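Peer 1: Right, I'll just put the structure down here and ask away after.
The values are calculated or read from the model by the stated rules, or taken from the named source; none is laboratory data. Just so you know, these numbers come straight off a predicted model, no measurement behind them. Positions of Cβ are backbone-derived with ideal geometry, glycine not excepted, and every protein chain shown enters the neighbour counts. We work out accessible area using only protein heavy atoms, side chains counted, and drop any ligands, DNA or RNA first. Shrake-Rupley method; radii C 1.70, N 1.55, O 1.52, S 1.80 Å.
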Amino acid sequence: MKEYISILKKTQLFAGISQDEITAMLSCLGARFNTYKKGEYIFRQGQEIEDIVVLLEGNLHIQNDDYWGNRSILGHISVGEIFGEAYATPDSDPILNDVVAVEDSTVVFFNVNRIITTCSSACPFHTLVVQNMFFAISEKNRKLVQKLRHISKRSTREKLISYLSMEAKRQNSASFTIPFNRQQLADFLSVDRSAMSNELCKMRDEGLLEFNKNCFTLL
C-alpha cells in the first residue's frame, strides 16, 4: 500500500494534500486496494456499485458489447483518473458498461458515502477531497464532450483527423502516442477497422501523417 501513496499524491482527487495526510485519510475513506490481470473486469454491466475507484497502475477501458458481440470503447482510464462515480451515488442505477483491464492494473476503491459524509474525526482535508472529486468529474465530462465531437463527424477520415488533432494539442507535440491499438481505436471512433486502416494508409500516402503501431506524427 505504501508504494502507492506517492501516486495518490499526484492524482486530482488528492491534489493539495500531503502524503502523510493521505495515509491518515485512507482508513477514513474506507480504502481497499486490488490488482487485476490483463483482461479481468473491474466492473461488469448491470453491477450495482458503491465505490469510486482510482487507477494506480496499468490501463483500463470502459466498453460495451451489444447482443451480437460488437464492441464500443467509450473511454480510456489512465493512471490517476477516477471512475465509477456516476453509479456510486445512493439510489443510482446499475452500471451500464464494463470496465476491463487492458494490461495488469492496480486500483483503489473508496466508499462514496465516506467521501461525501464528513467523518467523526473531522478530518481537515475531507472537504478538499470532495472539492477535488467535483473537479475530476468536470474533467471527465469535458472528455465525453470531446469524444462526442469525434464520433459526430460524418466520415472515417474526419473522425481520425478530429481525434489525432486533439491528441497532438493535448500532448503539445506533432509526434505522440495514443492509448489504443488499431482495433481499439476503431471501437473508440465507432468505425470499421479495415476502413479505418485503409484511410490511415491513404492519409500517410498523401503526406498528412506518419505512424508506427500506436505512435503518430502529424505532418
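Peer 1: Could you check region 14-62 and list, in sequence order, the residues that are open to solvent by 10 Å² or more (accessible area, probe 1.4 Å), in contact (Cβ under 8 Å) with a residue 40 or more places away in the chain and in contact with a helix residue (DSSP H, G or I) (Cβ under 9 Å, 6 or more places away or on another chain)?
Peer 2: Hits for region 14-62 are A15, G16, C28, G30, A31, F33, I49, E50, D51, E57.
Each row is one residue, and each column tells you yes or no for (1) in contact with a Lys or Arg (Cβ under 8 Å, 6 or more places away or on another chain); (2) touching a residue at least 24 places away in the same chain (Cβ under 8 Å).
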| site | (1), (2) |
| --- | --- |
| D93 | no, no |
| V100 | no, yes |
| V107 | no, yes |
| N132 | no, yes |
| S138 | no, no |
| L148 | no, no |
| K153 | yes, no |
| T156 | no, yes |
| Q171 | no, no |
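Peer 1: Tally the residues that are among the small types (G, A, S), assigned to a loop (DSSP other than H, G, I, E, B) and under 18 Å from A186 (Cα atoms), restricting the search to region 62-85. Spell out how you get there, then give the answer.
Peer 2: Of all residues in region 62-85, those among the small types (G, A, S) come to 69, 72, 75, 78, 80, 84.
The next check asks that each one be assigned to a loop (DSSP other than H, G, I, E, B); those that pass are 69, 78, 80, 84.
Checking which are under 18 Å from A186 (Cα atoms) leaves us with 69.
Qualifying residue count for the region: 1.
Peer 1: I've got another one for you. Quick one: count up the residues across region 169-199 that are buried (at least 17 other Cβ atoms within 10 Å of the Cβ), among the hydrophobic types (A, V, I, L, M, F, W, C) and farther than 22 Å from G75 by Cβ.
Peer 2: 0
Peer 1: Might you check whether a residue that is more than 18 Å from D187 (Cα to Cα), surrounded by 17 or more Cβ atoms within 10 Å (Cβ to Cβ) and among the basic types (K, R) occurs anywhere in region 142-154? Explain how you work it out, then say what you get.
Peer 2: To start, the set of residues in region 142-154 that are more than 18 Å from D187 (Cα to Cα) comprises 142.
When the remaining residues are screened for being surrounded by 17 or more Cβ atoms within 10 Å (Cβ to Cβ), the result is none.
No: zero hits.
Peer 1: Looking at A88, A136, which is the one that is at pLDDT below 85, crowded, with 16+ Cβ neighbours inside 10 Å, touching a strand residue (DSSP E or B) at 6+ places or on another chain (Cβ under 8 Å) and not in a helix (DSSP H, G or I)? It would help to see each step written out before you state the result.
Peer 2: Working: A136 fails: not in a helix (DSSP H, G or I).
Checking each option against the conditions leaves just A88.
Peer 1: Which of the residues spanning region 63-75 are open to solvent by 40 Å² or more (accessible area, probe 1.4 Å) and in contact (Cβ under 8 Å) with a residue 40 or more places away in the chain?
Peer 2: Matches in region 63-75: R71, S72, L74.
Peer 1: Here's a follow-up. How many of the residues making up region 173-209 are in a helix (DSSP H, G or I), free of Cβ contacts under 8 Å to residues at least 12 places away in the same chain and of a type in the set (G, A, S)?
Peer 2: Looking only at that region, the number is 2.
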